[in-house]
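Encoded as structure tokens, the structure appears first; notes follow it.
Every number here is computed from the coordinates shown, using simple stated rules; none is lab data. Just so it is clear, the model here is predicted, and its values are computed rather than measured. Every residue, glycine as well, gets a Cβ built from its backbone with ideal geometry; the counts of neighbours run over all protein chains shown.
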Amino acid sequence: MEPLKSRAPQIPLMEKRWAFPMVLCWILCAVLLLSTFNKPITSITITTLFSSPPPPLILSNLSSPPPPSPSIPRFAYLISGSKGDLEKLWRTLHAVYHPRNVYVLHLDLKAPAMERKELEKKVEMNQLFKMVMNVHVIRKANMVTYKGPTMMANTLHACAVLLKKSKDWDWFINLSASDYPLVTQDDLLHTFSSLPRNLSFLEYFSNLGWKEDQRAKPLIIDPGLYKTKKTDVFWASQRRELPTAFKLFTGSAWMVLSREFVEYTIWGWDNLPRTLLMYYTNFVSSSEGYFQTLICNTPEFMHTVVNHDLHYISWDKPPKQHPRTLSVSDAVHMIDANVPFARKFISNDAVLDKIDDELLGGRRNESFVYGGWCEGSPVCTEVGDVLLLKPGFGAQRLGKLMDHLLVGNSGFVTGNQCK
């Protein structure tokens with residue numbers, strides 16, 4: 001029998017298979033340990049062991065949040081007029097101009113074609129407007145009849161144009177050539193900088209009073225919808241009852257609307273904007289009810305409305321279709337109202353010169369109202385820092401109004417809007 005011989009221990013087959021992975025694991029562990037002490041070794045080792053290194057991590061994007069958007073808002077203006085309003089419109093535009101804002105100008109079809117062409121030419125020839133490119137003229141003019149729905153349609157048209165022209169304005173303001181500011185744009189921008197961007201300023205009443213019988217129940221047809229010459233509306237013999245699908249509201253045709261509400265009005269992600277548009281087609285003076293009824297019947301927006309049109313308007317007693325024409329004798333009342341706008345004025349009246357001198361920093365002729373953005377010689381012929389505001393006494397007056405509307409004892413504070 002052959003004697004037993006001592007043999008070297010044999011490594012099983014399975015242990016041989018795991019030997020290399022275990023060694024590789026030890027190497028990786030050693031590399032990771034060394035990486036805590038020597039950063040260059042880490043980068044070299046990882047790049048060597050992996051054919052596709054991971055993309056670099058940009059720490060600046062994580063450590064620094066994106067810069068906040070400017071707190072100073074932008075306004076989107078519609079300034080509209082009719083026959084003979086060219087010079088008034090041009091003066092109002094200069095009085096409310098600021099390079100940060102955007103403007104749409106409209107002379108309706110009643111204005112002669114030569115007058116509308118002159119407006120286009122004035123805008124095209126203005127060097128500041130050419131440089132900033134924030135003043136736009138509606139070239140295909142609309143027929144506008146105040147009693148009918150065409151004024152409402154013209155306002156909606158301007159809203160759509162403004163949404164297309166600029167993506168970052170905050171409030172829409174509609175003015176006529178007969179309106180004029182009582183504060184500078186620096187005053188207005190400064191005051192609105194501290195306001196929530198979803199607020200809309202809109203005068204409204206749920207008690208229709210005499211308007212129920214004389215405006216809500218009659219049915220009218222506005223020839224301005226289908227004719228090229230302006231004629232008065234005509235009345236149908238049949239009348240209608242008040243609606244039950246929504247509640248009617250009425251108020252002023254002049255307003256300051258949030259961009260969010262304007263987008264809802266134009267795009268209408270539910271059907272109420274279109275339904276009301278069809279209903280108000282046959283409504284007397286629909287521009288004094290459409291926006292009020294829409295915002296007050298939409299839960300998403302009804303608690304964002306402030307019951308004020310931010311205008312000083314003086315009416316006859318009893319009130320007529322249009323307000324009184326303002327004069328120098330109304331100046332004290334206008335200032336005491338603490339509002340940013342007033343209407344209506346006749347062309348080149350002495351009261352406008354008084355406003356220029358005492359409220360708008362001494363504006364002259366076709367010059368702009370002085371603001372923090374103004375540079376160049378003559379002044380305000382070049383654009384400086386559009387975020388630099390120089391508010392004055394007008395901002396103090398406007399601040400008092402906002403305190404009353406938003407802080408004092410008002411429906412907005414108590415949540416009783418649209419009652």
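What full-extension length gain, to one decimal in nm, is calculated for Val407 and Ser347 as 0.36 nm per residue of separation minus the Cα-Cα distance? Don't jump to the answer; show the numbers that get you there.
Numbers: separation 60, 0.36 × 60 = 21.60 nm, distance 3.72 nm.
Length gained between Val407 and Ser347: 17.9 nm.
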(message) Give me a comma-separated list of calculated 3J(HN,Hα) values for region 109-118, in order, Karplus coefficients 6.51, -1.76, 1.60 applied at θ = phi - 60°, integers in Hz, x for any Gly or Pro.
(response) 5, 5, 5, x, 4, 5, 5, 5, 5, 5
(message) For Trp235, project a label point 7 Å along Cα to C-beta. Then give me every residue of region 273-299 with its amide nitrogen under 16 Å of that point.
(response) 282-286
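Which FRET efficiency value, to the nearest 0.05, do you get for Ser377 and Glu263 by plugging their Cβ-Cβ distance into 1/(1 + (r/R0)^6) with R0 = 45 Å? Numbers along the way, then the final one.
Numbers: r = 41 Å, r/R0 = 0.91.
For Ser377 and Glu263, the calculated efficiency is 0.65.
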(message) Could you derive backbone 3J(HN,Hα) for region 83-94 from the dihedral phi with the Karplus parameters 6.51, -1.76 and 1.60 (θ = phi - 60°), listing whole Hz in sequence and x where the residue is Gly or Pro?
(response) 4, x, 9, 4, 5, 4, 4, 5, 5, 4, 4, 5
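Between Gln396 and Lys121, take the C-beta separation as r, use R0 = 45 Å, and let me know the FRET efficiency to the nearest 0.05.
0.70
Which of the peptides 391-398, 319-326, 98-105 is most tightly packed, and how do the rest follow, going by the mean number of other Cβ atoms within 10 Å of each residue?
Working: 391-398: 18.6, 319-326: 13.8, 98-105: 23.0.
Top to bottom by mean Cβ count within 10 Å: 98-105, 391-398, 319-326.
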(request) Return the loop-located GluC sites (Glu not before Pro) in region 217-314 (DSSP other than H, G, I, E, B) with at most 12 other Cβ atoms within 10 Å of their own Cβ; answer none if there are none. (result) Glu241
(message) Just to check I understand the Karplus step: with θ = phi - 60° and J = 6.51 cos²θ - 1.76 cosθ + 1.60, what whole-Hz values come out for region 273-278, glycine and proline as x?
(response) x, 6, 4, 5, 4, 5
(request) Report the antiparallel proportion of the DSSP beta bridges in region 160-314 as a percent, rounded to a multiple of 5. (result) 80
(request) For Gly384, list long-range residues whose amide hydrogen, built 1.01 Å from N in the peptide plane, is under 5 Å from its own amide hydrogen. (result) Cys374, Glu375
(request) Quick one: which residues, 5 or more positions from Val369 or on another chain, have an amide H under 5 Å from its amide H? H modelled 1.01 Å from N in the peptide plane, none for Pro or chain starts. (result) Tyr97
(request) Measure off 7 Å from each Cα along the Cα-to-Cβ vector at Lys164 and Leu388, then give the distance between these two points in nanometres to one decimal. (result) 3.6
(request) For Asn271 paired with Lys227, estimate the spin-label separation in nm (one decimal), with each label point 7 Å from Cα along the Cα-to-Cβ line. (result) 3.3
(request) Could you please rank His157, His333, placing first whichever residue has the fewest other Cβ atoms within 10 Å of its Cβ? (result) His333, His157
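For Ser347, Ser367, Ser329, Ser82, which order do you get if you count the other beta carbons within 10 Å of each Cβ and list the fewest first? Can you show the working numbers first?
Numbers: Ser347 14, Ser367 17, Ser329 8, Ser82 21.
Fewest-to-most Cβ neighbours within 10 Å comes out as Ser329, Ser347, Ser367, Ser82.
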(message) Within a 10 angstrom radius of the beta carbon, how do Asp186, Asp356, Asp330 rank from fewest other beta carbons to most?
(response) Asp330, Asp356, Asp186
(request) Please give the per residue volume of the convex hull enclosing the alpha carbon atoms of region 75-414, rounded to a whole number of Å³. (result) 136
(request) Give the long-range amide H neighbours of Leu182: residues separated by 5 or more places, or on another chain, with amide H under 5 Å away, using H modelled in the peptide plane at 1.01 Å from N. (result) Phe341, Ala342
